[in-house]
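Before I ask anything, here is the structure I am working with.
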2 protein chains.
Amino acid sequence: MESSSALLTDLYQLTMLDAYRQSGMTSPAVFELFVRRLPRERGYLVAAGLEQVLQYLENLRFSSSELDWLVHSGHFDRPFVDWLADLRFTGDVWALREGEVFFANEPILRVTAPLPEAQLVESRLINIIHFQTLVASKAARVVMAAGGRTLVDFGMRRAHGAEAAVWAARASYVAGFDGSATVEAGRRFDLPIFGTMAHSFVQAHDSESRAFLDFARARPEGLVLLIDTYDVEAAVRKVIELAAVLEPEGIRVRALRLDSGDLVAGSRLIRRLLDEAGRQDVGIFLSGDLDEHKVAAACVAGAPATGFGVGTRLDVSADAPSLDIAYKLQAYAGRPRRKRSLGKATWPGAKQVFREIGADGRIARDTIGRDTERLSGWRLLESVMSAGRRVTDAPTLEQIRAHAVDRLASLPEQCRSLDGPLPLTAVISDDLKRLANEADAAVQP
Amino acid sequence: MESSSALLTDLYQLTMLDAYRQSGMTSPAVFELFVRRLPRERGYLVAAGLEQVLQYLENLRFSSSELDWLVHSGHFDRPFVDWLADLRFTGDVWALREGEVFFANEPILRVTAPLPEAQLVESRLINIIHFQTLVASKAARVVMAAGGRTLVDFGMRRAHGAEAAVWAARASYVAGFDGSATVEAGRRFDLPIFGTMAHSFVQAHDSESRAFLDFARARPEGLVLLIDTYDVEAAVRKVIELAAVLEPEGIRVRALRLDSGDLVAGSRLIRRLLDEAGRQDVGIFLSGDLDEHKVAAACVAGAPATGFGVGTRLDVSADAPSLDIAYKLQAYAGRPRRKRSLGKATWPGAKQVFREIGADGRIARDTIGRDTERLSGWRLLESVMSAGRRVTDAPTLEQIRAHAVDRLASLPEQCRSLDGPLPLTAVISDDLKRLANEADAAVQP
């Protein structure tokens, strides 16, 4: 699922590699990954996916079947393919820790490696970081909206393929979700998995009561019953009767799940019926096309929900299904470079983000400077890979999640707003501006 | 990449399977896959992904490591896991051919299998069909906008993971794209791959002219040069000079690529400069945040483009990143079933779509009826799998693509419009309406 194919790249990376090889351009290059602009409804982004990037870089090599295919494809000749056979990633990587919050134009990952290596990995590296960052950033908003209620990722079926499904589970967990319904994500990342029941289970039975009873006896632990296949009120009354039957068997109904209709009115009705029957102990779990706005609206309206299942809109980041993310050459052979295309100009050279924290514990200012500068604030980019090897052991997912909780708490209020958030704008250091002028002067376009 | 893990499912599928097993509910179930509503900007959808569904069903089995994990997860006991070890998909599948066009509520795939098998596969089956159909449907709109100009999928880097990247290449090719930049998709699906050059290649060189020369000599075939790293006009003039140098070496510049700024004005400028130099033979390839609307606008404005690279907005289906797709139980043990949840009610029983074609060769009417009905029109759902085995050999991707071209040509004009298209609404047969009433009467909710 996390594919390690070296052919997961754009064809032009390989054609450029062939040209670099033929002209001997293998000096060290510096590339940086950053987001040019935040989507309108994002006041911050949450970095995620670094672990999968490092796994990709550590294992990067062309298999013999991939090399054979390249020759047979007719796009490349044998000398180039033989050269590819020996290619490994031998570079250095600096990156934000997963779970860190960041803003536009801030480099979140820097690769320093022989030009062909740094170039080849562009496509997959963006592909990995982009999606996990996208989902972690969306999920963090849902977490803020839910005010501590249980949140479960339900999005596998409409995630864009298998890798998206398991990574969405991982990224949302990083951002504070309690777990996912996706079993493979539970196995892959050792994160909590949750499950209830589907309408088809109820429909397959001749009566809803029978369906509830069968399910309760077969799956007595953490019992959650789905009560909207036919009529909600009738179903809740059946559950109340059933609970009395099940109690002597040691089976407790933990929650009811509502997946359709007006979730606020529906959950209020369910709560009232449960409370009237003395079942204050039974929770209410809401799902059905939810996102941070619907979760917030339900909470604000006082819907008596104990948890939410959030699916499609989380896993595809429905309001912003992509980020304007780029991986750009900043220096080659020791000389700073920058692109000056209309609307896509970049700051040259290896950079660092210096973050200053205010007396209130919130982020006061981010400054993008040269990595050699000494500016106040702590440095967001840390060394994570040196000469193709990890510098430290991989953090556990729990450690990453704890880091995200900590960093999300450092966001200024203006960034946290669900509607019309105002992201911070990083300051550009004077040294970096000078370097940009020098780089422009040095290149003969 | 196309993961075959049987754990690619939602936890509730497994808990329901355990309940079905314990209560002996293993009679045949009929599930159907359909889209409830089309996104606002879709006048039709294009079915894609069936081939990967059939591969998944043919190979479905729990590996010993998956089974071990299930036991250790604490969610399941040994008798259930032992039972899972023997689970295979033994059912029948009827489906629309890939490349077929369809509308809301029309079943596009029907599974008839013992209830646990049909239930288990829900999550992955939706996951596969949803994404490929999403991208094929978006891509078909781009194809209609481009009026025969070359179209290449550039979206790998911002596709949602590896599987999404290669499937987006496949689905867009099915819908009429000429190929993809994603190398792995070329290998996997034997579809044409295309590549140009990146800004980083130009930036890595001390001069743009040197970069063009190096690239041309290293990669002389199908040479496309990127001319907007610094100044477009200056770059085009350099290419014109260079072309004269390269011609004696037998190297021809095939096209120039513009990736930023005003693509219409930019391409006109490039065309004028090329024409003035007598280089009418050099094409112009446009890219940069394109979708069907921008491609159509460029074509309508008379931009002299010979082709377009379409990336992110295609691969994430930016204006509609998900479909309201569902897989619902329609019958169990010979008895029709339907869900009556608010806003999510379904038509019961095994169904068929009957399509009538008018004298103009366009679709005149679709009727959703019972599969046993004899209505006029040809039947869209065909038998593709029987008792877990394919009924026929898999069609080639070229055959699927040709079928899509043919079916897209049968769409009424109202569906084809890029802005505010009007999808067809399938008629419900009288027999099906009667069956729904019977199903409601038979179930004791």
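Which fully enclosed helices (runs of 4 or more DSSP H) of segment A:130-212 have 1 or more residues being facing chain B (nearest Cβ under 9 Å), of a type in the set (A, V, I, L, M, F, W, C) and in contact (Cβ under 8 Å) with a residue 60 or more places away in the chain? Full working, then the answer.
Working: elements: A:162-174, A:183-189, A:199-204.
Once the helices (runs of 4 or more DSSP H) in segment A:130-212 are filtered for at least 1 residues that are facing chain B (nearest Cβ under 9 Å), of a type in the set (A, V, I, L, M, F, W, C) and in contact (Cβ under 8 Å) with a residue 60 or more places away in the chain, what remains is A:162-174.
Name the single residue, out of those in segment B:300-315 being small (Gly, Ala, Ser) and within 14 Å of another protein chain (Cβ to nearest Cβ), that is surrounded by the fewest Cβ atoms within 10 Å (Cβ to Cβ).
Ranking the candidates gives B:Gly309 first.
In the list B:Leu274, B:Leu223, which residue meets the criterion of being touching a helix residue (DSSP H, G or I) at 6+ places or on another chain (Cβ under 6 Å) and either closer than 25 Å to A:His75 by Cβ or away from every other protein chain (no Cβ under 14 Å) (or both)? Spell out how you get there, then give the answer.
Details: B:Leu274 fails: touching a helix residue (DSSP H, G or I) at 6+ places or on another chain (Cβ under 6 Å).
None of the others qualify; the one that does is B:Leu223.
In segment A:1-19, what residues are more than 8 Å from every other protein chain (Cβ to nearest Cβ) and hydroxyl-bearing (Ser, Thr, Tyr)?
Within segment A:1-19, just A:Ser4 meets the criteria.
Of A:Leu225, A:Leu290, which residue is assigned by TED's automatic domain parsing to the domain that holds A:Ala198, touching a strand residue (DSSP E or B) at 6+ places or on another chain (Cβ under 7 Å) and part of a strand (DSSP E or B)?
On the way: A:Leu290 fails: part of a strand (DSSP E or B).
So the residue among A:Leu225, A:Leu290 that is assigned by TED's automatic domain parsing to the domain that holds A:Ala198, touching a strand residue (DSSP E or B) at 6+ places or on another chain (Cβ under 7 Å) and part of a strand (DSSP E or B) is A:Leu225.
Within 14 Å of chain A (Cβ to nearest Cβ) and closer than 22 Å to A:Arg157 by Cβ: is that true of B:Leu45 in this structure? Talk me through it step by step, then tell me what you get.
Numbers: within 14 Å of chain A (Cβ to nearest Cβ): no; closer than 22 Å to A:Arg157 by Cβ: yes.
Here the answer is no, as B:Leu45 does not meet what is asked.
Test A:Thr112 against the criterion of being within 14 Å of chain B (Cβ to nearest Cβ) and assigned to a strand (DSSP E or B), and give yes or no. Before the answer, list the steps.
Values: within 14 Å of chain B (Cβ to nearest Cβ): yes; assigned to a strand (DSSP E or B): yes.
Yes: the conditions hold for A:Thr112.
Of the residues A:Leu14, A:Leu8, A:Leu38, A:Leu57, which is in contact (Cβ under 8 Å) with a residue 60 or more places away in the chain and in contact with a Pro (Cβ under 6 Å, 6 or more places away or on another chain)? Before you say what the answer is, go through the steps one by one.
Details: A:Leu14 fails: in contact with a Pro (Cβ under 6 Å, 6 or more places away or on another chain); A:Leu8 fails: in contact with a Pro (Cβ under 6 Å, 6 or more places away or on another chain); A:Leu57 fails: in contact with a Pro (Cβ under 6 Å, 6 or more places away or on another chain).
From the options A:Leu14, A:Leu8, A:Leu38, A:Leu57, the qualifying one is A:Leu38.
Further question: Is it the case, given these coordinates, that A:Glu247 is away from chain B (no Cβ under 11 Å), modelled with pLDDT of 95 or more and not in a loop (DSSP other than H, G, I, E, B)?
Working: away from chain B (no Cβ under 11 Å): yes; modelled with pLDDT of 95 or more: no; not in a loop (DSSP other than H, G, I, E, B): yes.
For A:Glu247, the condition - away from chain B (no Cβ under 11 Å), modelled with pLDDT of 95 or more and not in a loop (DSSP other than H, G, I, E, B) - is not met.
From the residues in segment A:371-405 that are of a type in the set (D, E, K, R) and within 17 Å of the chain's Cα centre (by Cα), which one is surrounded by the most Cβ atoms within 10 Å (Cβ to Cβ)? Reasoning before the result, please.
From segment A:371-405, those of a type in the set (D, E, K, R) are A:371, A:373-374, A:379, A:382, A:389-390, A:393, A:398, A:401; that's our starting set.
Add one more test, that the residue is within 17 Å of the chain's Cα centre (by Cα), and what stays is A:398, A:401.
Numbers: A:Glu398: 12, A:Arg401: 20.
Among those residues, the one meeting the criterion is A:Arg401.
Can you name the condition, by its number, that B:Arg88 falls short on among (1) away from every other protein chain (no Cβ under 14 Å); (2) touching a strand residue (DSSP E or B) at 6+ places or on another chain (Cβ under 9 Å); (3) not acidic (Asp, Glu)?
The single condition B:Arg88 does not satisfy is (2).
Since A:Phe131 meets every condition but one in (1) within 13 Å of the chain's Cα centre (by Cα); (2) among the hydrophobic types (A, V, I, L, M, F, W, C); (3) within 19 Å of A:Gly288 (Cβ to Cβ), which condition does it not meet?
The single condition A:Phe131 does not satisfy is (3).
If B:Ala169 satisfies all but one of (1) modelled with pLDDT under 95; (2) crowded, with 24+ Cβ neighbours inside 10 Å; (3) not charged (D, E, K, R), what's the number of the condition it fails?
Among (1) modelled with pLDDT under 95; (2) crowded, with 24+ Cβ neighbours inside 10 Å; (3) not charged (D, E, K, R), B:Ala169 violates only (1).
Restricting to segment A:233-244, and then to whatever is more than 12 Å from every other protein chain (Cβ to nearest Cβ) and over 17 Å from A:His199 (Cβ atoms), can you tell me which residue is surrounded by the most Cβ atoms within 10 Å (Cβ to Cβ)?
Per the criteria, the residue is A:Ala243.
Could you please let me know if A:Ser287 is buried (at least 19 other Cβ atoms within 10 Å of the Cβ), among the hydroxyl-bearing types (Ser, Thr, Tyr), within 30 Å of A:Leu120 (Cβ to Cβ) and within 12 Å of chain B (Cβ to nearest Cβ)?
no
Residue by residue, here is whether (1) touching a residue at least 24 places away in the same chain (Cβ under 8 Å); (2) more than 30 Å from A:Pro192 (Cβ to Cβ); (3) among the aliphatic types (A, V, I, L, M) holds:
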residue	(1), (2), (3)
A:Gly358	no, yes, no
A:Gly361	yes, no, no
A:Arg374	no, yes, no
A:Arg379	yes, yes, no
A:Ser383	yes, yes, no
A:Ser386	yes, yes, no
A:Arg390	yes, no, no
A:Thr396	no, no, no
A:Ala409	yes, no, yes
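Something else about it: Which of the residues spanning segment A:330-368 are among the β-branched types (Val, Ile, Thr) and surrounded by fewer than 19 Cβ atoms within 10 Å (Cβ to Cβ)?
Scanning segment A:330-368 gives a single hit, A:Ile357.
Would you mind finding the one in A:Gln52, A:Gln119 that is part of a helix (DSSP H, G or I) and either over 21 Å from A:Tyr12 (Cβ atoms) or not assigned by TED's automatic domain parsing to the domain that holds A:Arg36 (or both)?
A:Gln52
Determine which single condition A:Ala439 fails, assuming it passes every other condition in (1) more than 30 Å from A:Phe177 (Cβ to Cβ); (2) free of Cβ contacts under 8 Å to residues at least 60 places away in the same chain.
Here A:Ala439 meets the rest and fails (2).
Same structure again: Out of the residues in segment B:316-333 meeting the condition of being small (Gly, Ala, Ser) and facing chain A (nearest Cβ under 7 Å), tell me which one is farthest from B:Ala442 (Cα to Cα).
By that ranking, first place goes to B:Ala318.
Give me a count of the residues in segment A:229-239 that are at pLDDT below 95 and of a type in the set (D, E, K, R).
Looking only at that region, the number is 1.
For every residue, the table says whether it meets (1) assigned to a helix (DSSP H, G or I); (2) buried (at least 22 other Cβ atoms within 10 Å of the Cβ).
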residue: A:Tyr12; (1), (2): yes, yes
residue: A:Met16; (1), (2): yes, yes
residue: A:Tyr20; (1), (2): yes, yes
residue: A:Met25; (1), (2): no, yes
residue: A:Ala48; (1), (2): no, yes
residue: A:Asp68; (1), (2): yes, no
residue: A:Pro79; (1), (2): yes, no
residue: A:Gly99; (1), (2): no, yes
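Give me a count of the residues in segment B:53-66 that are surrounded by 15 or more Cβ atoms within 10 Å (Cβ to Cβ) and polar (S, T, N, Q).
Looking only at that region, the number is 1.
The values are calculated or read from the model by the stated rules, or taken from the named source; none is laboratory data. Computed from a prediction, not measured in an experiment: that's the story for all the values here. FYI the Cβ positions are ideal-geometry reconstructions off the backbone, even for glycines, and counts take in every protein chain you see.
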